[in-house]
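Q: Sharing a structure with you now.
We did not get these values from a lab; they are worked out from the coordinates using the rules stated. Worth saying up front: this structure is predicted, and the values here are computed from it rather than measured. Here the Cβ positions follow ideal geometry from the backbone for every residue, glycine too, while neighbour counts run over all protein chains shown.
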Amino acid sequence: MSDDRPFRDGDGDELVITKVKPKTERPPLYRVILLNDDFTPMEFVILILKKFFAKSDGEAAQVMMQVHNDGAGLAGVYTFEVAETKVYSVNEFSRRHKHPLKCIMEKE
């Protein structure tokens, strides 16, 4: 998609057309973070990381320990719509399984 914009040259007699190519930007990214609580079992956090974030056993265990020790752990970085969907899915899945695990997103 280019925009044709006419310009007059110095004499004002000729018409010069230039093609202006629009610049595209990368969409902003959002961090999806799991928050620690005192009730959700570690195994459930690992299940969440594997099911919704495609983490391997080792990666899931590492993030789970970060959640446990630091109070929060980075599950992944996504565009807004993907991050929003993952946050909703994790929170809904946790609620259905009667766990208080919370997932949030924040702009990177």
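Q: Tell me what the chain gives for mean residue ellipticity at 222 nm when only DSSP H runs of n ≥ 4 count, each as -39,500 (n - 2.57), the sum divided by the residue total, rounded to 500 deg cm²/dmol.
A: Details: 3 runs with 43 residues, N = 108.
Taken over the chain, the calculation gives -13000 deg cm²/dmol.
Q: Within the chain, what's the longest run with no trypsin sites (Lys or Arg not before Pro) in a DSSP loop and at most 15 other beta-carbon atoms within 10 Å? Give the range, please.
A: Values: sites that count: Lys23, Lys98.
Looking at the chain, 24-97 is the longest stretch - no exposed trypsin sites (Lys or Arg not before Pro) with at most 15 other Cβ atoms within 10 Å.
Q: Right, here's the next one. Check Leu29: other-chain or 5+ apart residues with amide H under 5 Å from its amide H, H built from backbone geometry?
A: Glu108
Q: Semi-axes, largest first, in whole Å: what does sqrt of 5 times each Cα gyration tensor eigenvalue give for the stretch 29-107? Intermediate values should be presented prior to the final figure.
A: Working: eigenvalues 59, 39, 27 Å².
Values for the stretch 29-107, descending: 17, 14, 12 Å.
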